[in-house]
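Colleague: The structure follows.
The values are calculated or read from the model by the stated rules, or taken from the named source; none is laboratory data. Remember, predicted model here, so these are calculated numbers, not experimental data. Note that each Cβ is placed from the backbone with ideal geometry, even for glycine, and that neighbours are counted across all protein chains shown. The accessibility values were calculated without ligands, DNA or RNA, using every heavy atom of the protein model including side chains. Shrake-Rupley method; radii C 1.70, N 1.55, O 1.52, S 1.80 Å.
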Amino acid sequence: MHRRPRRNRKSAVIRSLVEETRLSVKDFIFPLFLIDGLNQKVEVNSMPGIFRYSLDLMLQEIEICMKLGIMAFDIFPAYPESKKDKYASESHNPSTFYLGAIQKIKQNFPEVCIMTDVAMDPYSSDGHDGLVMNGKILNDETLEILGKMTLAQAQAGADIIGPSDMMDGRVRYLRNILDEQGFKDISIMSYTAKYASAFYNPFRDALDSAPKSGDKKTYQMDPANLHEALIEAELDVEEGADFLMVKPALAYLDVIRLLKDNFSVPIAAYNVSGEYAMIKASAERGWLDGERAMLESLLCIKRAGANIILSYFAKEYAQLDKP
Ligand code: PBG
């Protein structure tokens, strides 16, 4: 036998020399959940180790994460039912706590990168990402609301806008508004291939944002489809997206690879709440080694082609990451 592939696996040193993929804390964006109030830190039931923070405690959490090397955060607000309406009006109320918090975070930590979420669901009494009329999600009418939301987030100091709504034409619509209003430097990370997935439930628990009726299948993609992601990606690139995102990550590694191979903009993958919850739940039962399962999943998301990983594991990963 001249060829013995096992020779390159014979010691830890050789294995690390031939390692093709390496994770780094720099790959991550850490999603954080914000609530109104003071001195609040409430664990999300279905996401052990993940909390909803009031701004004061979120500032502390961001500082801790920065010391671990995490420099990018995606902030999601949880609003009480009393603030929600059909038009998601609270999303662009200049005095709403989410926008105030973005401003404060950027004042305190100008060097961090703050991504914000553009979609109606946290503010919508229907719990949908778009405007609901007679049981239908209206596309173009939703764009107007998303435009106001985007402008408000830009004014608050967001570095990256993350449209997660899956309405058609939103990247161009939002890019135009940003440019017209003098926000040429604000980036757009488009949720390009966002699938109608069962893996978002813990997130909807965290934000109390589950749809009140129906599902999201008329706007989020069908998990059966791969090539349809190319249509979404072509449009997003043409319309001015700076990054393309695939979501969820683990069951969609083929989609990540497809976009990586076909587009030259950076590809992000969202390792979603249900993917986090699955590992945490089985680790709690002793059914798998949570730390190894986390490291393997994150590594494989990167191997599939993701340049950027949004993950609730970011902090835990950073705590383990030693040179
Ligand atoms: C909503 C939004 C969702 C997530 C991010 N933005 C949920 C949904 O579409 O219902 C999911 C994130 C996660 O599960 O971690 N626009």
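Colleague: Please figure out what share of the DSSP beta bridges in the chain is antiparallel and state it in percent, rounded to the nearest 5. Intermediate results must be reported in sequence, preceding the final value.
Modeller: On the way: 7 of 41 bridges.
Bridges in the chain are about 15 percent antiparallel.
Colleague: To continue, here is another question. Computing the accessible area with a 1.4 Å probe over protein heavy atoms, can you report the carbon and sulfur percentage for the chain? Before the final figure, lay out the partial values.
Modeller: Working: 7510 of 15090 Å².
Whole-percent figure for carbon plus sulfur exposure: 50.
Colleague: Kindly rank 149-159, 213-223, 182-192 from highest to lowest mean number of other beta carbons found within 10 Å of each residue.
Modeller: On the way: 149-159: 21.5, 213-223: 14.9, 182-192: 19.8.
Ranking, from highest mean packing down: 149-159, 182-192, 213-223.
Colleague: Which one of TYR200, ILE102, THR116 has its Cα pushed farthest toward the positive end of the charge dipole of the chain, where Lys and Arg give +1 and Asp and Glu give -1 at the Cβ?
Modeller: The residue sitting most towards the positive pole is TYR200.
Colleague: Let me ask you something else. Estimate the FRET efficiency between LYS136 and GLN40 by the formula 1/(1 + (r/R0)^6), using the beta-carbon distance for r and 25 Å for R0, to the nearest 0.05. The partial results should precede the final answer.
Modeller: On the way: r = 37 Å, r/R0 = 1.47.
For LYS136 and GLN40, the calculated efficiency is 0.10.
Colleague: Per DSSP helix of 4 or more residues, -39500 (n - 2.57); summed, then divided by the residues of the chain. What does that give at 222 nm, rounded to the nearest 500? If you can, show how the numbers build up before the last one.
Modeller: Numbers: 11 runs with 122 residues, N = 323.
After summing the helix terms and dividing by the residues of the chain, the value is -11500 deg cm²/dmol.
Colleague: Shape call for region 143-271 from the C-alpha gyration tensor, a ≥ b ≥ c root eigenvalues: rounded (a/c under 1.5), prolate (a/b greater than b/c) or oblate?
Modeller: Values: a/c = 1.83, a/b = 1.20, b/c = 1.52.
Oblate shape, in that a/c is at least 1.5 and b/c is the bigger or equal ratio.
Colleague: Sticking with this one: In nm, what is the difference between 0.36 nm times the number of residues separating ILE231 and GLN107 and their Cα-Cα distance? Kindly include the intermediate steps, with their values, before the conclusion.
Modeller: Working: separation 124, 0.36 × 124 = 44.64 nm, distance 3.87 nm.
Extending this stretch completely gives an extra 40.8 nm.
Colleague: So, one more: Ranked highest first by average number of other Cβ atoms within 10 Å, how do 72-83, 270-281, 10-21 line up? Walk me through the intermediate numbers first.
Modeller: Numbers: 72-83: 17.9, 270-281: 22.7, 10-21: 9.2.
Top of the packing list down: 270-281, 72-83, 10-21.
Colleague: For ARG285 and GLU180, what does the FRET efficiency come to when R0 = 51 Å and r is the distance between their Cβ atoms, rounded to the nearest 0.05?
Modeller: Working: r = 53 Å, r/R0 = 1.04.
With R0 = 51 Å, the Cβ-Cβ based efficiency is 0.45.
Colleague: May I ask you to derive the FRET efficiency for ALA210 and GLU19 from their Cβ-Cβ distance with R0 = 45 Å, giving the value to the nearest 0.05? Don't skip to the end; give the middle numbers.
Modeller: On the way: r = 41 Å, r/R0 = 0.91.
With a Förster radius of 45 Å, E is 0.65.
Colleague: Something else now. Within region 1-100, what is the number of lysine pairs with alpha carbons under 23 Å apart, leaving out pairs fewer than eight places apart on the same chain?
Modeller: Numbers: LYS26/LYS67; LYS41/LYS67; LYS41/LYS83; LYS41/LYS84.
Step by step, the pairs that qualify in region 1-100 add up to 4.
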